[in-house]
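Structure, as structure tokens:
The values are calculated or read from the model by the stated rules, or taken from the named source; none is laboratory data. If you're wondering where the values come from, they're calculated on a predicted model, not measured in any experiment. Quick reminder, even Gly has a Cβ in these numbers, built from the backbone with ideal geometry, and neighbours come from all protein chains shown.
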Amino acid sequence: MSTARALITGASSGIGAEFARQLAAEGRNLILVARRADALQVLAEALETDFAVQVDTVSLDLSADDAVESLFKTVQDRGLTVDYLINNAGSSGPDLLRDRDWQEQQRYIELMMTSVAGMCHFFVPEMRERGFGRVINVASVAGLVTVAGDHSYGPTKAYLVALSKGLAATLRGENVNILALCPGFTHTDFHNSESLAKMKRATPAFIWYDADVVVREALAAVDKGKQVWVSGRLYRLLVPILRTRLSRFVAGRLGVKRNY
Ligand SMILES: NC(=O)c1ccc[n+]([C@@H]2O[C@H](COP(=O)([O-])OP(=O)(O)OC[C@H]3O[C@@H](n4cnc5c(N)ncnc54)[C@H](OP(=O)(O)O)[C@@H]3O)[C@@H](O)[C@H]2O)c1
């Protein structure tokens, strides 16, 4: 029996659950990680039934100090190895300037950046030794386009893009591929809060993608050895435009402050 697994963080909903479905459909055995044990269990049972794969679950808060180390130990204790690593868990966070609870800010940074660095620290060296690995760090278009007012979420995703590019450059030629995935707006539970749901209602439907498109493109891109992948044709077109001087000028005229 193969011990190799695809480990997916944030697998209890949205993009992470879709990664689980598509990787299970390829016949891969899985380790699903998130805080909600019941949601993970329901998904694990469905995937085992539908695709005849083996699915482990680990309920864990990745914003806790020692979460990643304890996850690595759990995987080792179960005698499993990880050949696909999808660092997907994430959320919107506190406003760095307005929200005054520093511990909450630190937990957010731990979830969005430190835990991903930790996952790469613990799992990538073993992939290198075995000569095979696929890592997808789920960043965002927000990590590529800086907007005044977003000094939490976007910057954490910019770190994931930089981290992924650095690792990919280091591991070139070793058959351990590292991808920063940059989705635009995607239908998931991410926008369930009152303010984000309001924002979603105010935007046109055509800028929203389904998670299955995002995941299908990501799995193909990491196999091809891409370092950064913007998902969705619309966003592949928009991102370079949003980074031009002309677009900065237009944004300025419209009163949108941008500093890139
Ligand atoms: N949806 C979009 O428009 C969009 C666009 C660009 C990038 N992204 C990125 O895509 C990733 C997945 O988000 P999504 O859109 O699929 O949203 P989602 O449906 O809300 O899923 C987020 C996942 O992260 C898990 N999670 C959140 N906090 C966690 C914590 N402290 N410890 C462990 N797991 C945690 C959640 O599980 P539990 O609640 O069970 O812990 C859930 O499984 C995120 O990194 C997000 O930034 C989303």
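If a residue has to be in a helix (DSSP H, G or I), closer than 20 Å to Arg28 by Cα and not hydrophobic (A, V, I, L, M, F, W, C) to count, how many in region 112-140 make the cut?
Of the residues in that region, 3 qualify.
Can you tell me which condition Val145 does not meet? The list is (1) at pLDDT below 95; (2) surrounded by fewer than 18 Cβ atoms within 10 Å (Cβ to Cβ), and all the others hold.
(2)
Can Ser164 be described as buried (at least 19 other Cβ atoms within 10 Å of the Cβ), among the polar types (S, T, N, Q) and either more than 18 Å from Ile31 (Cβ to Cβ) or more than 17 Å from the chain's Cα centre (by Cα) (or both)?
Details: buried (at least 19 other Cβ atoms within 10 Å of the Cβ): yes; among the polar types (S, T, N, Q): yes; either more than 18 Å from Ile31 (Cβ to Cβ) or more than 17 Å from the chain's Cα centre (by Cα) (or both): yes.
It is true that Ser164 is buried (at least 19 other Cβ atoms within 10 Å of the Cβ), among the polar types (S, T, N, Q) and either more than 18 Å from Ile31 (Cβ to Cβ) or more than 17 Å from the chain's Cα centre (by Cα) (or both).
Quick one: in region 111-141, which of the residues that are in contact with a Cys (Cβ under 6 Å, 6 or more places away or on another chain) and hydrophobic (A, V, I, L, M, F, W, C) is surrounded by the most Cβ atoms within 10 Å (Cβ to Cβ)? Let's see the steps before the verdict.
Quick first cut of region 111-141, residues in contact with a Cys (Cβ under 6 Å, 6 or more places away or on another chain) only: 139-141.
Those left that are additionally hydrophobic (A, V, I, L, M, F, W, C): 139, 141.
Details: Ala139: 30, Val141: 20.
Among those residues, the one meeting the criterion is Ala139.
All but one of (1) over 15 Å from the mean Cα position of the chain (by Cα); (2) farther than 18 Å from Gly133 by Cβ hold for Gln76; state the number of the condition that does not hold.
So the condition that Gln76 fails would be (2).
For region 167-187, give me the residue count where each residue is of a type outside the set (A, V, I, L, M, F, W, C), out of contact with any Asp or Glu (no Cβ under 7 Å at 6 or more places or on another chain) and surrounded by fewer than 19 Cβ atoms within 10 Å (Cβ to Cβ).
5
Scan region 8-22 residue by residue and report those that are surrounded by fewer than 24 Cβ atoms within 10 Å (Cβ to Cβ) and more than 7 Å from the ligand (Cβ to nearest atom).
Of all residues in region 8-22, those surrounded by fewer than 24 Cβ atoms within 10 Å (Cβ to Cβ) come to 13-14, 18, 21-22.
Hits for region 8-22 are Glu18, Arg21, Gln22.
Could you please find all residues in region 146-177 being in a helix (DSSP H, G or I), away from the ligand (no atom under 16 Å from the Cβ) and charged (D, E, K, R)?
Once the filter is applied, which keeps residues that are in a helix (DSSP H, G or I), away from the ligand (no atom under 16 Å from the Cβ) and charged (D, E, K, R), region 146-177 yields only Lys165.
Could you tell me how many of the residues in region 67-104 are closer than 28 Å to Val176 by Cβ, away from the ligand (no atom under 13 Å from the Cβ) and either among the hydroxyl-bearing types (Ser, Thr, Tyr) or exposed (fewer than 14 other Cβ atoms within 10 Å of the Cβ) (or both)?
9
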